[in-house]
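Okay, so here's the structure we're looking at.
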Amino acid sequence: AAAMIASTYALYAVSASAFPALRAATAALYDVLDAEGYRKVALGALVVTISACEEIVWRGRPLDRAATHAGPRPLTRAAAARIASVALLYGASHLSSGSLLLAAVATACGLAWGLLRVLGRSLWPSMLVHAAWDLAVLVAHPLT
């Protein structure tokens, strides 16, 4: 979780310098998510609940077969393809927000959380990292 959070802040700083429009897109995304409209404790509880539900729906059953693959190599080509497919669908499902940035970030995070799900052979690693990441970027220290 710490590595994912740190890399998010680092990549954002570098990307925002290279692409000045990213700051405005990020601010607009926070407006869409309406994170400012909640008290920190309520937002935190909401974020943890939503991240747990997303993990159950997107990386629970869809990645069961890949996560329970027996053998010394848990990340087969088939598992990697399944992780990528689920991540793309997860990202695409965020297009309804109207934010291409959210869809791209969801896809990238979906890849990371999918890898955690499969390599950890449990839903708990991805669920905990997802909640920690969301708490960091939405509640504790938003990017903008």
(message) Give me the 1.4 Å probe accessible area per residue for the chain, excluding ligands and nucleic acids, in Å².
(response) 57
(message) Suppose a student asked you for the relative contact order of the chain, using Cα pairs under 8 Å spaced at least 6 residues apart; what percent would you report?
(response) 34
(request) Report the charge-dipole magnitude of the range 38-120 in Debye, nearest 20, computed about the Cα centre from +1 at each Lys and Arg Cβ and -1 at each Asp and Glu Cβ. (result) 140
(message) About the Cα centre, and with charges only on the beta carbon of Lys, Arg (+1) and Asp, Glu (-1), how big is the dipole of the chain? Nearest 20 debye, please.
(response) 580
(message) Could you tell me which residue out of LEU43, GLY110, ALA24 lies farthest along the dipole of the chain toward its positive end? Charges go on the beta carbon: Lys and Arg +1, Asp and Glu -1, centred on the Cα centre.
(response) GLY110
(message) Over the chain, with a Gaussian network built from C-alpha contacts below 10 Å, which listed residue (ALA79, ALA13, ALA21) shows the highest mean-square fluctuation?
(response) ALA21
(request) Rounded to whole Hz and in sequence order, give me ³J(HN,Hα) for the range 87-94 from the Karplus expression 6.51 cos²θ - 1.76 cosθ + 1.60, θ = phi - 60°, writing x for Gly and Pro. (result) 5, 5, 5, 4, x, 4, 5, 8
(request) Using packing as a proxy for protection, rank 47-58, 126-137 so that the peptide with the highest average count of other Cβ atoms within 10 Å comes first. (result) 126-137, 47-58
(message) If I fit a long axis through the Cα atoms of helix 2-18 and take the longest principal axis of the Cα atoms of the chain, what angle between them do I get, 0 to 90°, rounded to 10?
(response) 50
(request) Return one number: the angle in degrees, 0 to 90 and rounded to the nearest 10, between the long axis of the Cα atoms of helix 100-120 and the longest principal axis of the Cα atoms of the chain. (result) 30
(request) Mind giving me the FRET efficiency for ASP34 and SER122? R0 is 35 Å, r the Cβ-Cβ distance, nearest 0.05 is fine. (result) 0.65
(request) For the range 38-46, just list the computed ³J(HN,Hα) in residue order, Karplus coefficients 6.51, -1.76 and 1.60, θ = phi - 60°, integers in Hz, with x standing in for Gly and Pro. (result) 10, 6, 4, 5, 5, 5, x, 5, 5
(request) Tell me what the chain gives for mean residue ellipticity at 222 nm when only DSSP H runs of n ≥ 4 count, each as -39,500 (n - 2.57), the sum divided by the residue total, rounded to 500 deg cm²/dmol. (result) -22000 deg cm²/dmol
(message) So if I take the centroid of the Cα atoms in the range 61-111 and the same for the range 13-60, what is the distance between those two points in Å?
(response) 19
(request) State, in angstrom, two size descriptors of the range 5-108 derived from its alpha carbons: Rg to one decimal place and Dmax to the nearest whole number. (result) 16.5, 48
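The values are calculated or read from the model by the stated rules, or taken from the named source; none is laboratory data. It should be emphasised that the depicted structure is a prediction, and the values quoted were computed from it without experimental measurement. Neighbour counts are summed over all protein chains in view; Cβ atoms, including those assigned to glycine, are modelled from backbone coordinates with ideal geometry. All accessible areas refer to the heavy atoms of the entire protein, side chains included, with ligands and DNA or RNA removed. Shrake-Rupley method; radii C 1.70, N 1.55, O 1.52, S 1.80 Å.
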